[in-house]
1. To the nearest 500 deg cm²/dmol, what mean residue ellipticity at 222 nm is calculated for the chain from DSSP H runs of n ≥ 4 alone, each contributing -39,500 (n - 2.57), summed and divided by the residues?
2. Going by accessible area, probe 1.4 Å, with all protein chains left in place, what is the ranking of 385, 58, largest first?
3. Would you kindly state how much longer the chain becomes between residue 120 and residue 471 on full extension, computed as 0.36 nm times their sequence separation minus their alpha carbon distance, in nm to one decimal?
4. What whole-number distance in Å separates the alpha-carbon centres of the stretch 511-553 and the stretch 389-421?
5. Taking a 1.4 Å probe, which of 467, 438 shows the most accessible area, and what order do the others take after it?
6. Per-residue counts of other Cβ atoms within 10 Å, averaged by peptide: what ranking do you get for 275-282, 440-447, 377-384, 76-83, highest first?
7. In what sequence, largest accessible area first, do 480, 63 appear using a 1.4 Å probe?
8. With charges only on Cβ, +1 for K and R and -1 for D and E, what is the dipole size of the chain about its Cα centre, in debye, rounded to 20?
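The values are calculated or read from the model by the stated rules, or taken from the named source; none is laboratory data. Quick caveat, the model's predicted, so the values are computed rather than measured. Heads up, the Cβs are rebuilt from the backbone with ideal geometry, glycines too, and the neighbour counts pull from every protein chain shown. We work out accessible area using only protein heavy atoms, side chains counted, and drop any ligands, DNA or RNA first. Shrake-Rupley method; radii C 1.70, N 1.55, O 1.52, S 1.80 Å.
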Amino acid sequence: MGLKKLVSCFMSLLCFSFLSYTVSSSAPKSSSWLPLSSFPLRSSLLDTLTGPIPGGHWTLLMESIGISAMHMQLLNNDKIIVFDRTDFGHSNLSLPPGAPCHSNDSVVGVDCTAHSLLYDVRTNTIRPLFLHTDTWCSSGSVGPNGTLFQTGGYGRGERVVRGFTPCKDDYCDWIEYPETLAARRWYASNQILPDGRVIVVGGRGSHNYEFLPKDAGPEALRLRFLAETSDGRDRENNLYPFLHLLPDGNLFIFANNRSILLNYRRYRVIKEFPVMPGGDKRSYPLTGSSALLPLVLQGGGGNKPEMPEVEVLICGGGKLGSFELARSKIFPEASRTCGRLKVTDDNPAWVMEQMPMPRVMGDMIMLPTGDVLIINGASHGTAGWDDADNPALNPVLYKTYEPDPTRRFITMNPSRIPRMYHSTAVLVADGRIIVGGSNPNPYYNFTGVRFPTELSLESFAPHYLDSQYSRYRPLIMAVEKPERVVAYGETLPVTYVLQVGNQQVGVAVTMLMPPFATHSYGMNQRLVVPNVERLDRLSAVAYRVTVRMPGNINVAPPGYYLLFVVNMDVPSPGVWVQLRSR
């Protein structure tokens with residue numbers, strides 16, 4: 001398949017037909033209409049229980065998957081594509097049968113091991129994949145048809161575009177297109193756009209951005225903001241900039257401790273936001289993390305453009321100079337603060353909050369409930385080779401809608417496995433977090449170092465998966481659209497069963513675009529809360545909730561989303577839906 005054909009496939013919403021569940025669209029003979037509720041729900045199960053919120057549960061899934069999970073992306077067939085880098089020696093995973101050895105490894109010359117794999121969430125099994133060029137510290141986005149477009153890396157891989165399209169058999173693999181990118185993309189960031197293109201921003205020494213597939217405009221466009229936010233060679237503090245597409249169609253970009261609004265269609269910066277207070281740096285190597293808080297649609301629908309309030313949350317990082325000290329094995333305490341910015345305010349201002357513990361290199365995972373889980377990382381030092389100490393073993397739950405800031409953070413149960421530099425985490429359909437990686441060593445190193453290369457994969461089950469909540473957990477029975485494909489502005493009926501609900505509280509529906517996760521940043525991650533238009537009780541345990549899809553394509557770019565029904569802060573397992581234009 002040539003690049004032109006792959007690009008055409010990527011842009012087409014019909015290119016990939018995914019595995020779907022049985023869909024029923026038959027209406028019941030009779031039903032009762034229940035009162036509606038707004039999001040966040042007026043009360044939750046967790047508010048009514050006595051005692052502390054359960055601290056979650058860790059499970060070791062595989063002692064070794066053979067590679068260290070530097071990058072992860074959940075695909076719409078419930079498989080996670082995982083990959084590392086190709087230039088630092090043998091991995092512990094053999095290449096797929098028939099795959100040729102490659103010679104792009106600067107350490108061993110000829111390498112006959114795999115550096116990428118596909119992990120099947122349902123069966124807890126792996127399948128090795130073949131990478132031709134180096135993906136070290138690269139970026140990615142999933143297109144409207146489900147194809148992962150993966151960009152950049154190191155050495156011969158720094159200008160490469162790679163494609164991976166999920167398949168029903170075991171024959172799909174990476175397809176690579178060298179010299180496609182206009183600039184070096186090492187430590188760059190990606191964001192999927194409403195028209196199906198991807199914007200690629202930054203990278204070491206690349207103070208510019210470009211689009212894929214290519215358009216008629218300039219190949220690479222200068223972004224002076226990236227040069228202005230650099231703290232100098234080798235420490236930068238502005239790599240892997242945080243990107244968030246806003247409902248007004250503009251792009252929020254954060255690097256170091258500053259942020260701007262970019263009108264990418266006209267190639268110009270239209271706004272600069274206040275500097276994040278406190279002096280902490282938030283970008284690699286003083287790596288914090290960022291999440292776009294839920295986009296809540298109330299009362300919109302049809303072709304009316306919804307313009308919900310937009311808030312960005314950024315947590316963790318470190319002080320200027322920490323990177324240099326860490327190179328001397330002096331590990332300063334990481335940042336203890338988070339900043340929350342309502343970017344849609346007329347005069348936005350950062351609201352600062354205190355985490356229970358300092359953290360650098362933490363991943364921020366959007367949960368189906370609208371809360372955020374902060375996981376992985378360290379409490380001292382920075383990102384880099386052996387540049388951090390004191391693993392942050394406890395995840396922290398951030399209660400997005402808790403009105404009392406002093407009660408907003410809840411410390412969860414710890415893992416036994418340090419997840420330091422080059423660790424990742426992604427949410428999967430059943431509500432668990434899959435956690436892997438950690439390699440603060442230049443090569444695979446298992447002895448004689450403080451934090452050996454970690455090849456294991458584990459899962460964290462958040463509080464809402466505790467067994468005491470089982471009877472409150474919805475189970476989706478049908479998404480009443482053929483092949484679960486729904487258009488902008490359409491209504492979507494979802495039938496589910498539930499043992500125990502609260503008619504006065506009602507339910508919510510949330511839709512998650514899974515992120516491309518690497519270096520503590522979930523690219524493209526967003527949680528959309530569509531407006532609930534009707535809630536019907538079909539029987540003693542069966543219900544139908546009808547929601548209206550966004551009419552504004554900037555709220556939810558086209559593609560595959562995990563859809564959840566949330567009852568009293570307890571989410572159902574998610575099901576895949578494809579959002580597309582008519």
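1. Details: 4 runs with 24 residues, N = 582.
That comes out to -1000 deg cm²/dmol.
2. Details: 385 70, 58 45 Å².
Heavy-atom accessible area, descending, gives 385, 58.
3. Details: separation 351, 0.36 × 351 = 126.36 nm, distance 2.75 nm.
Additional length available on full extension: 123.6 nm.
4. First find each Cα centre; the distance between them is then 25 Å.
5. Working: 467 95, 438 0 Å².
So, going from the largest accessible area down, we get 467, 438.
6. Working: 275-282: 19.6, 440-447: 15.2, 377-384: 26.0, 76-83: 23.1.
Result, highest mean Cβ count within 10 Å first: 377-384, 76-83, 275-282, 440-447.
7. Details: 480 25, 63 150 Å².
Result of the area sort, largest leading: 63, 480.
8. So the dipole magnitude of the chain works out to roughly 900 debye.
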